[in-house]
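Each remark here refers to the structure printed beneath this line.
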Ligand SMILES: Nc1ncnc2c1ncn2[C@@H]1O[C@H](COP(=O)(O)OP(=O)(O)O)[C@@H](O)[C@H]1O
Ligand SMILES: [Mg+2]
């Protein structure tokens with residue numbers, strides 16, 4: 001059996017640590033402002049990212065500066081939301097940790113010049129938040145710590161049972177963040193109430209899967225009928241790209257090409273930023289009838305909204321750079337929206353005001369037929385197709401894939417017998433021995 005993961009003292013055993021608990025929000029915010037180091041964890045869908053947005057807003061309301069970051073550009077883009085995280089003077093980001101702290105990739109050397117630049121970027125920050133910490137390797141984490149301002153509060157967020165860092169040690173094991181000695185200073189708070197899934201048997205199944213238990217009987221209740229109007233998740237980018245091309249080619253409507261346009265900044269650097277830090281495409285192929293995924297919170301649309309292109313205008317340019325795309329979104333409240341290219345902006349602080357460093361225009365949509373599990377980590381999907389042959393090579397990968405879906409009926413699975421969920425022993429050990437934060441809620 002698993003160790004008891006409860007963090008709360010002096011409460012009845014049925015107490016559940018809930019991301020929606022206002023006292024939890026208040027306590028964590030207070031501790032961070034005092035300079036605490038906290039690791040906010042919990043299974044997929046327990047509201048970690050949701051809570052991060054509330055915490056950032058609370059800190060800003062108390063007129064303290066909070067820098068909101070994530071380990072990958074995709075995870076950072078999921079931190080933008082309707083509550084206006086970007087509008088406050090006290091909130092920096094959301095951005096990747098790499099750009100916030102001027103970190104080199106772990107395969108590259110660190111330099112004094114970069115360290116100094118990183119320090120000056122983080123200077124004046126009271127609290128730093130890093131989401132999707134499971135993907136961050138210990139070396140990069142330590143480089144980040146070298147750039148810290150004086151005693152900031154730090155909140156690292158994520159689930160170590162999800163995708164591990166890409167960086168490996170000499171024995172080819174993922175270089176987990178908890179290998180860093182400094183990680184011992186971070187006290188663990190684990191959220192326990194699942195907000196993404198509501199079905200009790202699905203939640204129990206997922207919790208076991210999280211611990212690497214394959215439960216073949218569960219899949220007998222899952223449909224094997226793929227719904228190609230909704231995303232299929234793959235282990236590799238190649239497979240996801242192939243699926244997108246395949247479904248695109250099946251559409252008999254006219255093909256349009258939208259190339260991104262640089263509006264502000266050095267074109268080469270702006271495009272490099274755009275390709276690395278947004279989920280939008282440099283060249284986006286569009287057709288009427290195509291299923292697309294919205295990748296930006298914008299005009300009531302949220303990141304992850306699915307829809308179908310119903311018309312494309314700008315035909316006089318022979319299929320290049322259309323002006324407007326009309327999309328019928330699946331979510332009733334949204335309905336049909338017409339959109340032009342969206343301005344993806346990189347803003348930097350310039351004294352008391354913000355300055356636009358790069359601005360690149362592109363439609364905020366990507367084809368929705370194939371996605372990688374890596375890209376999907378953090379997302380919530382209504383319907384999702386999975387193939388057991390394509391997803392099993394990394395620890396946590398099966399768990400991340402299956403846990404994206406809200407319901408059992410939304411799941412569509414082929415080759416379930418080939419799913420091989422597994423975990424790393426070191427992750428189990430980390431949670432079993434972690435230094436837990438005692439909170440009286
Ligand atoms: N306290 C909450 N109240 C309402 N909705 C929530 C709450 N916590 C999470 N959610 C919703 O549940 C889903 C999963 O939350 P998310 O923050 O993405 O989980 P995690 O980051 O832990 O995987 C999202 O759709 C989110 O908006
Ligand atoms: Mg999340």
The range 93-133, Cα convex hull volume normalised per residue, Å³:
70
Cα gyration tensor, the range 25-127 - rounded (a/c under 1.5), prolate or oblate:
prolate
Counting only Cα, what are the radius of gyration and maximum Cα-Cα distance Dmax of the range 160-307, in Å?
20.7, 58
Please report the antiparallel percentage of DSSP beta bridges with both residues in the chain, rounded to the nearest 5.
50
Any idea what the alpha-carbon Rg over 2.2 N^0.38 Å comes to for the range 268-399?
1.20
Let me check against my output: what whole-number percent is the relative contact order of the chain, with C-alpha pairs under 8 Å and at least 6 apart?
19
Using a Gaussian network model of the chain with C-alpha springs under 10 Å, which one of 350, 137, 387 is most mobile by mean-square fluctuation?
350
Hey, what did the range 124-261 get for relative contact order, percent, Cα under 8 Å, at least 6 apart?
19
Quick one: divide the alpha-carbon radius of gyration of the chain by 2.2 N^0.38 Å and tell me what you get.
0.98
Least to most buried among 379, 290, 418, by other C-beta atoms within 10 Å and fewest first, runs 418, 379, 290
When only Cα pairs under 8 Å and 6 or more residues apart are kept, what is the percent relative contact order across the range 71-147?
35
Per residue, what volume in Å³ does the Cα convex hull of the range 100-160 take up?
75
Between 247, 272, 142, find the one with the highest GNM mean-square fluctuation for the chain; connect C-alpha pairs within less than 10 Å.
272
Which of 193, 109, 287 moves the most in a Gaussian network model of the chain with Cα springs under 10 Å?
109
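Coordinate-derived values only; no laboratory data. Please read all numbers here as calculations on a predicted model, not as lab measurements. When we count neighbours, we look across all protein chains shown, and the Cβ atoms used for this are built from the backbone with ideal geometry, even at glycine.
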